Amino acid sequence: MSNEEFRMERPQPLPSRNSAFYWEGAERGEFLGQRCGDCKTFRHPPRPMCPKCQSVHQEIIPLSGRGVVYSYMFPVHPQMPMFEYPLCCVLVDLDEGIRIFSNLYECDRADVKIGIPVEVFFEKTKGDKAVPVFRPAKEASK
């Protein structure tokens, strides 16, 4: 039997009370972030208290979805049937100063480099949900 016969859907996210806004936004095609309502520090992953000033006030705001690859890897083993290989896992430094872990698509393996500009798009998951993933930016990140 081939891998295609065992192909599974990408698992849907499991939101917490703190991250529900993020995943609900992704489902609508919106890339949202959490920022402290007092000192304006962005924080990711979402959490109830600002790590800088300890405020519990928060703002949910749209993010640009643009950034650069900080680091990357191509996992080899074990292969998970819900992902297509070669799979590229990336840490992306967003323009807003948040670092996020995701996947990079629409890029040949040989073209993946630290510092390449990327932009967000959304990959469908099981249960008609979505997760933010990245591809090389059509225009350079600002």
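Derivation of every value follows stated rules applied to the coordinates shown; laboratory data play no part. Since we're looking at a predicted model, the values are computed, not measured. Counting neighbours? That spans all protein chains shown, and the Cβs are built from the backbone with ideal geometry, glycine included.
The table below gives the values:
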quantity: Largest-first principal axis extents, alpha carbons of the chain, Å; calculated: 55, 33, 25
quantity: Residue exposure sequence - HIS57, HIS77, HIS44 - by fewest surrounding Cβ within 10 Å; calculated: HIS77, HIS57, HIS44
quantity: Simple spin-label estimate for SER64 and GLU123 in nanometres, 7 Å along Cα-Cβ; calculated: 2.4 nm
quantity: Unit charges on C-beta of K, R, D, E only; dipole of the range 31-142, Debye; calculated: 300 debye
quantity: MRE, 222 nm, helices only [DSSP H, n ≥ 4, -39500 (n - 2.57), over the chain, to nearest 500]; calculated: -1500 deg cm²/dmol
quantity: Inter-probe distance in nm under a simple model that places probes 7 Å from Cα toward Cβ, at CYS39 and MET82; calculated: 3.5 nm
quantity: Positive-end residue of VAL68, PHE134, GLN79, charge dipole of the range 65-142 with Cβ unit charges; calculated: GLN79
quantity: Value of Rg/Rh across the range 65-142 [Cα atoms, Kirkwood radius]; calculated: 0.96
quantity: Distance between modelled label sites at ARG109 and GLU24, nm, 7 Å Cα→Cβ extension; calculated: 4.1 nm
